[in-house]
Amino acid sequence: MEANLQQPATDAAGKTFKVVPIMIALLISGFIGLFSETALNVALTDLMNLLSIAPATAQWLTTGYLLTLGILVPVSGLLLQWFTTRQLFVTALSFSILGTLVAALAPTFEMLLVARVVQAIGTAIMLPLMFNTILVVFPAERRGAAMGIIGLVIMCAPAIGPTIAGLMIENLSWHWIFWLSLPFLVVSLICGILFMQNVSTITRPKIDVLSIVLSTLGFGGVVFGFSSAGEGEGGWSSAKVIASLAFGIVSLILFVARQLTMKKPMMNLRAFKHPMFTLGVVTVFICMMIILSSMLVLPIYLQSGFGMTAFAAGLLMLPGGIVNGVMSPIMGKLFDRYGPRWLVLPGFVVAAAALWFFSGVTPASASALIIVLHSVLMIGISMIMMPAQTNGMNQLPRELYPDGTAIMNTLQQVAGAIGTALAVSIMTAGSTNYFKTAQNPDPVQGLTAGAQDAFLFGMIVAAIGFVLSFFVKRVIVKGHKP
């Protein structure tokens, strides 16, 4: 860990925090949570065979996880103001441990799905808690480095998850994905009980039940609608998708209207009055769409188009994930020194270029080319994600930190659902168009056409981000010398 992160930190009230133990507890729990999520995604094909379930049913292991996050993360801002850091940390780890244990023992799909929901409850509490703690514990001039360390962990977990999962599926069973995670979660819990300090300010605002209901229906409806569209059952024209999206959007409109008229809202949307926070949220939203759409399309293409095993596909994507993780602390230090614009702007150029070249990849392309392109894409993502997020949060006053982290993390889950659904839809449409026009249709060529269209979609999204990055300005926090 960086030397300046080993120094005790002092907040505005003069309270001193022991940085290293707090960071270790947060990083272990965050790493294992994300590892379990991405590792299981690689095992879906095997689970379909072993549990005799259809792809649309297996998809619920991901959809249920996203849906739980979409419902609970918006409430996290309220939880951060009602309960202490230690209480929330222990609660989050308890849910994660329980969910992981049930998943490791699960004999049926139904029990595994319940376990995934319990795991997601822990993650929904932990993610906002992690970012809020960083904002409170570290002064502005050290946040970039701290967020860089967080970025290393967050990106390394998805990188090694598929590789380790593929190795375990080939030699043991999918249950061992969870058995491997369990001892690390227990160690994190013990570390948190011993060393975690209370960093948040308890204000206990009035709980507005109607706001919670509207938030649940709104974010839950939108995430469920987009996730269902990506399942392939009727696509966007499905009555279930249309009804879910319509119901969710109407509920969100009512939720926003209520928050703006309340003196003490559940989620203070006045955070959007700060322009760099708003731009940071939009930039992170775009970045998450790029990450999750490409992370979905590439493994499918490698396994179905290139004929690779899950382990081989995970191994091919491992270097890019490691590069992203290694680059995150470097980008954190560069952000502290130079600010966000000269990282975010070229980052979108790099990401768009990589996606453009990906749109020309075929099954005849060399594996080395895939590794290089994926690594370049991950470098671009590391230049965008943390600087945009940290710069946006820096503009908020301390009292809006819980709301800012809730907004940022909620919209990341929504972006994940939207990006995944759009990528699947575009890939399916591209394959369908190929089969309509091809004289001697080849399934692999059909998949290639769809994957290429999905990568072009990612490039267009990156181009939009590039235009927005011209408006990014460094937030100068009082007492922070750039």
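Remark: Asp453 matches the filter, which requires a residue to be of a type in the set (D, E, K, R), in contact (Cβ under 8 Å) with a residue 12 or more places away in the chain, surrounded by fewer than 24 Cβ atoms within 10 Å (Cβ to Cβ) and farther than 11 Å from Ser294 by Cα.
Among residues of region 342-354 that are not assigned by TED's automatic domain parsing to the domain that holds Phe455, none has a beta-carbon under 9 Å from a residue that is modelled with pLDDT of 95 or more at least six positions away or on a different chain.
Within region 66-119, which residues are polar (S, T, N, Q), out of contact with any Pro (no Cβ under 7 Å at 6 or more places or on another chain) and in a helix (DSSP H, G or I)? Don't jump to the end; show me each part of the working.
First, pick out the residues of region 66-119 that are polar (S, T, N, Q): 68, 76, 81, 84-85, 87, 91, 94, 96, 100, 108, 119.
Applying the additional criterion that residues be out of contact with any Pro (no Cβ under 7 Å at 6 or more places or on another chain) yields 68, 84-85, 87, 91, 94, 96, 100, 108, 119.
Answer for region 66-119, where residues must be polar (S, T, N, Q), out of contact with any Pro (no Cβ under 7 Å at 6 or more places or on another chain) and in a helix (DSSP H, G or I): Thr68, Thr85, Gln87, Thr91, Ser94, Ser96, Thr100, Gln119.
Does Val344 satisfy the criteria of being surrounded by fewer than 24 Cβ atoms within 10 Å (Cβ to Cβ) and out of contact with any strand residue (DSSP E or B) (no Cβ under 7 Å at 6 or more places or on another chain)? It is false that Val344 is surrounded by fewer than 24 Cβ atoms within 10 Å (Cβ to Cβ) and out of contact with any strand residue (DSSP E or B) (no Cβ under 7 Å at 6 or more places or on another chain). Can you tell me how many residues within region 243-254 are surrounded by 14 or more Cβ atoms within 10 Å (Cβ to Cβ) and more than 11 Å from Gly221 (Cβ to Cβ)? Going through region 243-254 one residue at a time, the tally reaches 1. Evaluated against (1) surrounded by fewer than 24 Cβ atoms within 10 Å (Cβ to Cβ); (2) part of a helix (DSSP H, G or I); (3) modelled with pLDDT of 75 or more, Leu129 falls short on exactly one condition, (1). For region 348-381, a residue qualifies if it is more than 21 Å from Ala423 (Cα to Cα) and surrounded by 24 or more Cβ atoms within 10 Å (Cβ to Cβ), but none of them does.
The values are calculated or read from the model by the stated rules, or taken from the named source; none is laboratory data. Remember, it's a predicted structure, so these values are computed and weren't measured experimentally. For neighbour counting, all protein chains shown are included, and Cβ atoms are generated from backbone atoms with ideal geometry for every residue, glycine included.
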